[in-house]
Amino acid sequence: MGRFVRDALRLSDEQQQFVELARDFAAREIRPRGRAVDEADTESPLDVWAKASKLGLTSFMLPEWLGGGGVTDVLTQVLVQEELCHGDIGIGNLVTSNGFFSAPLEHLGTPEQQERWLAPLAGDNPPLTAVAVTEPGSGSDAASIQTSAVREGDEYVLNGQKTWISNAPYADYFVIFATVDPKLRAKGVTAFVVEKDTPGLKVGPPFQKMGQRAIVNAEVFLDNVRVPVDQRLGDEGKGFSGLMRTFDASRILIGAATTGLARAALDYATDYAKQREQFGVPIIQHQAVAFRLADMATRVDTSHLLTIRAAQLFDAGLAVAQESAMAKLVGSENAMWCTHAAVQTLGGYGYSREYPVERWMRDAKLEEIEEGTSDIQRVIISRGLDRG
């Protein structure tokens, strides 16, 4: 993997340094905390977040004029994400979670809005942030959101309920997607920045989840939340297009995160198979195990290559809805397959919480669901073929 990145992609020295920084941080600070964070269940490891922020790993994706690392190309972000999530996908996703908040601001916000809410993310004590799209009755169909935004003079009044909002209990800033008219569907969706202390905004208790417990999720309730017009991102009805462009990038990054997870499962299972002996030889010498590992390695590289391609096309300014959907679909399903294969390779030990592979299998499942299920990714890909 390292040889491919270095030789085939011809990274600059700066890009390579970011990748190596992420790899080292994942090994030293992220991997050792995975089990304890999982068992804590509903607490994000804010100490790891603080260490990552001091190294610039929480803000490296922000432009330099806002104080960030200036790594605005998705390709380098992909390589960093893969390394962080090789340590632990939940903690790795937490470290880079402010990038999800910054994306709609970069696509829709004015320079003044970007400086107001993005510059603090590169400060000495950066806040956590959240993006609120999903509702109890609106998941994959983001155009059907019902949270209302009614203009009254120089303000909008927001009412509604959001669910499964990552970082919600810790977030200082939210990007809230609401609609000025539900009948308009996508053409009514509008984005707003709302600060946590705004009257009427309430965050519910943390959800207990199967995996990726480093990211804490909760509901967000909006009861007559008044938001000044200057906190609207873009014009009315432009939120959906900004959200879709955000998803194009974030789905590529999910492809990277799941590649890192699948690679971790492959590395762990391979090391185990070299040491574990049955019938007088290491089990890697048994064809059934060896072929399973070969399939894992092939799936890891497939995910990596699809993600790299999508990132390069995105950076070239091309429309990549199809390619980003492929990266997420293949990455998430391969991660699920590889973590399951790792459990199978470890046998009874794989089923034990003493070893990380059972946790990784639970972590992998989320990625087949969030930001559009595997079914939705296939819809996006097939529609691209139909239009093609």
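Quick notes on this structure:
- Candidate aspartates and glutamates for bridging to residue 51, where Cα separation is under 15 Å - those fewer than 8 sequence places away on the same chain excluded: 24, 29, 124
- Approximating the spin labels as points 7 Å out from Cα along Cα→Cβ, the residue 31-to-residue 64 distance works out to 3.3 nm.
- Gain on full extension, evaluated as 0.36 nm per residue between residue 151 and residue 387 minus their Cα-Cα distance, stands at 81.2 nm.
- Contact order normalised by residue count of the chain, Cα under 8 Å, 6+ apart, percent: 16 percent
- Amide H partners (placed H, <5 Å) of residue 168, local residues excluded: 218
- In plain terms, the residue of 286, 340 with the fewest other Cβ atoms within 10 Å comes first and the most crowded comes last, giving 286, 340.
- Taking a straight Cα-Cα cut-off under 15 Å and skipping sequence neighbours fewer than 8 places away in the same chain, no aspartates and glutamates fall within cross-link reach of residue 274.
- Separation between Cα centres of region 40-62 and region 293-322, rounded to whole Å: 26 Å
- Size of region 2-122 as Cα extents on the principal axes (Å, biggest first): 41, 40, 20
- As a length-normalised measure over Cα pairs under 8 Å and 6 or more apart, the relative contact order of region 59-127 settles at 33 percent.
- Cα-based Rg and Dmax for region 128-236, where Dmax is the largest Cα-Cα distance (Å): 13.3, 45
- Residue 234 long-range amide H proximity, modeled H, under 5 Å: 110
- Under the span-like rule (Cα at least 24 Å along the axis, Kyte-Doolittle mean at least 1.0), DSSP H helices of the chain: none
- The charge dipole of the chain, taken about its Cα centre with unit charges on the Cβ of Lys, Arg, Asp and Glu (plus for the first two, minus for the last two), comes to roughly 860 debye.
- Pairwise FRET efficiency - residue 352 versus residue 288, Cβ, R0 = 22 Å, nearest 0.05: 0.55
- Estimated at 0.36 nm per residue, the fully extended path between residue 24 and residue 40 surpasses their Cα-Cα distance by 3.3 nm.
- Amide H to amide H distances under 5 Å link residue 163 with 134, 135, 220, where only residues 5 or more positions off or on other chains count and H is placed in the peptide plane.
- Cut-off 20 Å, label 7 Å out along Cα→Cβ of residue 72, residues of region 105-149 by amide N: 105-123
- Rel. contact order, % - alpha carbon contacts under 8 angstrom, at least six apart, region 1-129: 27 percent
- Residue (of 148, 282, 102) at the positive-pole extreme of the chain, dipole from beta-carbon charges: 282
- Going from the fewest other Cβ atoms within 10 Å to the most, the residues 258, 96 appear in the order 96, 258.
- Couplings for region 113-125, taken from phi via the Karplus curve 6.51 cos²θ - 1.76 cosθ + 1.60 with θ = phi - 60°, read 5, 5, 5, 5, 10, 9, 4, x, 5, 9, x, 6, 10 Hz in order; Gly and Pro are left as x.
- ³J(HN,Hα), Karplus 6.51/-1.76/1.60, whole Hz, each residue of region 131-136, x for Gly, Pro: 10, 10, 10, 4, 10, x
- Panel order for 210, 326, by other beta carbons found within 10 Å of each beta carbon, from fewest to most: 210, 326.
- Residue 13-residue 181 FRET efficiency (beta carbon distance; Förster radius 45 Å; 0.05 resolution): 0.30
- q = 0.14, 0.16, 0.19 Å⁻¹: log10 I(q)/I(0) that the Debye formula gives for region 86-160, counting C-alpha atoms only: -0.67, -0.84, -1.06
- Gyration tensor verdict on the chain (Cα atoms; rounded if a/c is under 1.5, prolate if a/b is larger than b/c, oblate otherwise): prolate
- Set of lysines near residue 187 by C-alpha distance (under 22 Å), chain-local residues within fewer than 8 positions excluded: 162, 238
- Region 247-388 shape via C-alpha gyration tensor axes, a/c threshold 1.5: prolate
Bear in mind that the values in this text are calculations on the coordinates, not laboratory data. Since the structure is predicted, the reported quantities are computational estimates derived from the model, not experimental observations. For neighbour counting, all protein chains shown are included, and Cβ atoms are generated from backbone atoms with ideal geometry for every residue, glycine included.
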